[in-house]
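Okay, structure first, notes after.
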Amino acid sequence: MFNKIVSTAVVSLAALQAVSAQTFTDCNPLKKTCPPNPALGKEKVSCGLTKSACSALETLPGTEIKYDSKGAHFTIEKETNAPTVASKKFIFFGRVDVEVQAAEGQGIVTSIVLQSDDLDEIDWEWLGGDTQQVQTNYFSKGDTTVYDRGGFHDVSDPLTTYHKYSIEWTKDAVNWLIDDNNVRTLKASSVKGFPETPMQVKLGTWCAGGKDTPKGTVDWAGGYTDFSKAPFNAYYKSLSIVDYAGGDSATSKSVKEYVWSDNSGDWESIEVKTGTGSDDDSEDTETTSAADKATTKTAPASGAKTQTQSTKDESESQDASTAAVSPSASDNATSTPVETSSADNTSVPSTATHGTAQSGLVAAALLLAYLFAFM
């Protein structure tokens, strides 16, 4: 089993590098006016991936995927491979179900990522050397300065067996499920910094154990990848996406797009524009704010960031050796959900970096991590 007890400084560096490697944004609405996000609305996505590509997904540059009875093959043959697909449309709260067998191979990462333009994020990640666990994580507004948001969850043979991994996301909570069993809950009312803006779904694999990869990332991923054992394949067998369109359940309306009405990044500021926008649209075009769908505001302000800890630890201090580690150790029983919360996090910076983030802050974070690693 992959060793969860690792150096805090090394894993902190790894978390920053790993997240930056797989996420990015073309236009950050927190910083400037950005185009609306095309909405999935009532269309729903239900794709079997054993015969052909899913029309709801786009293939990112450099990605080649084979389809057969095992599913969509996401293959790593060399260090620079990073096959990735992304949904063409966005969901504004909703549910995602993916049936996947993660890739074997030390240093190989398989992932399911929900990500917004302002870098809110919800993740599943598998390490190719960990035969007993899957990791969950989340980010708010691209903040990678705190490294205790992650969780470990036991799962039977994730590298050789298919399981269904789900994310159900509303304005009030995120639930992560394995084979329809809830393994973790994140409550918006309990954290400062909750993912709350329209998200795109991304599926992919990448190499975190390459010879040119920073040492911290390699350590997080379990070691350097032996490419004499390539190819390394993750098999995605099916995908389901349901859009709640700012509500708490599947929408029954056609929704054209989600409009960022300001630079706050709050879910209430997102305007839901219904109708397809075509001349023969049978529904009237209508624009409403997400806040019109709710009677109270439950999501905290997005400017502040977050820390997490399991329910059983809420009444006591976490051990210093694990509290700052990302991904953090957590209650691993798949039959009991882990409720994640934060009592106080006022010391965490309110702005940070992620993917296309400000280079100065990234450099500072990397420098600190390296310094701590060699102390």
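Summary of computed values
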| read-out | value |
| --- | --- |
| One residue from Ser238, Ser228 being surrounded by fewer than 21 Cβ atoms within 10 Å (Cβ to Cβ), within 21 Å of Asp123 (Cβ to Cβ) and of a type outside the set (Asp, Glu) | Ser238 |
| Sole residue being in contact with a strand residue (DSSP E or B) (Cβ under 7 Å, 6 or more places away or on another chain) and farther than 27 Å from Tyr244 by Cβ, chosen from Gln106, Gln115, Gln133 | Gln133 |
| Members of region 127-145 found to be closer than 20 Å to Asp219 by Cβ and either out of contact with any Lys or Arg (no Cβ under 6 Å at 6 or more places or on another chain) or of a type in the set (Lys, Arg) (or both), listed by number | Leu127, Gly128, Gly129, Asp130, Thr131, Gln132, Gln133, Val134, Gln135, Thr144, Thr145 |
| Candidates Gly210, Gly275, Gly247, filtered to the one that is at pLDDT 95 or above, more than 21 Å from the chain's Cα centre (by Cα) and not β-branched (Val, Ile, Thr) | Gly210 |
| Residues satisfying the stated conditions in region 221-242, i.e. within 20 Å of Thr84 (Cβ to Cβ) and assigned to a helix (DSSP H, G or I) | Ala221, Phe227 |
| Filter pass, Phe139 being touching a strand residue (DSSP E or B) at 6+ places or on another chain (Cβ under 8 Å), aromatic (Phe, Trp, Tyr) and surrounded by fewer than 24 Cβ atoms within 10 Å (Cβ to Cβ) | no |
| Some residue of region 247-268 being free of Cβ contacts under 8 Å to residues at least 12 places away in the same chain, of a type in the set (S, T, N, Q) and either buried (at least 20 other Cβ atoms within 10 Å of the Cβ) or out of contact with any Cys (no Cβ under 9 Å at 6 or more places or on another chain) (or both) | yes |
| Selected residue [in a helix (DSSP H, G or I) and either free of Cβ contacts under 8 Å to residues at least 60 places away in the same chain or hydrophobic (A, V, I, L, M, F, W, C) (or both)] from Val218, Val183 | Val218 |
| Residue check for Glu121: of a type outside the set (Ser, Thr, Tyr) and closer than 25 Å to Thr50 by Cα | no |
| Whichever residue in region 98-112 is among the polar types (S, T, N, Q) and assigned to a strand (DSSP E or B) and, among such residues, is surrounded by the fewest Cβ atoms within 10 Å (Cβ to Cβ) | Gln101 |
| Test: residue in region 68-81 that is outside any strand (DSSP E or B), more than 25 Å from Cys207 (Cα to Cα) and touching a residue at least 24 places away in the same chain (Cβ under 8 Å) | no |
| Among the residues listed as Asp130, Asp148, Asp180, the single one being acidic (Asp, Glu) and farther than 16 Å from Val100 by Cβ | Asp148 |
| Residue in region 34-51 that is more than 15 Å from Pro198 (Cα to Cα), part of a loop (DSSP other than H, G, I, E, B), under 20 Å from the mean Cα position of the chain (by Cα) and of a type in the set (A, V, I, L, M) present | no |
| Of the criteria (1) within 26 Å of Trp176 (Cα to Cα); (2) free of Cβ contacts under 8 Å to residues at least 60 places away in the same chain; (3) part of a loop (DSSP other than H, G, I, E, B); (4) of a type in the set (D, E, K, R), which one Glu58 fails | (3) |
| Filter result for Gly71 (crowded, with 24+ Cβ neighbours inside 10 Å, within 20 Å of the chain's Cα centre (by Cα) and at pLDDT 95 or above) | no |
| Selection count where residues are in a strand (DSSP E or B) and either under 8 Å from the mean Cα position of the chain (by Cα) or not hydrophobic (A, V, I, L, M, F, W, C) (or both), scope region 122-139 | 10 |
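For every residue, the table says whether it meets (1) in a loop (DSSP other than H, G, I, E, B); (2) touching a helix residue (DSSP H, G or I) at 6+ places or on another chain (Cβ under 6 Å); (3) crowded, with 21+ Cβ neighbours inside 10 Å.
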{"position": "Arg149", "(1), (2), (3)": "yes, no, yes"}
{"position": "Thr160", "(1), (2), (3)": "yes, no, no"}
{"position": "Tyr165", "(1), (2), (3)": "no, no, yes"}
{"position": "Leu177", "(1), (2), (3)": "no, no, no"}
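The values are calculated or read from the model by the stated rules, or taken from the named source; none is laboratory data. Everything quoted here is computed from the prediction, not taken from an experiment. Note that we place each Cβ from the backbone using ideal geometry, even for glycine, and neighbour counts take in every protein chain shown.
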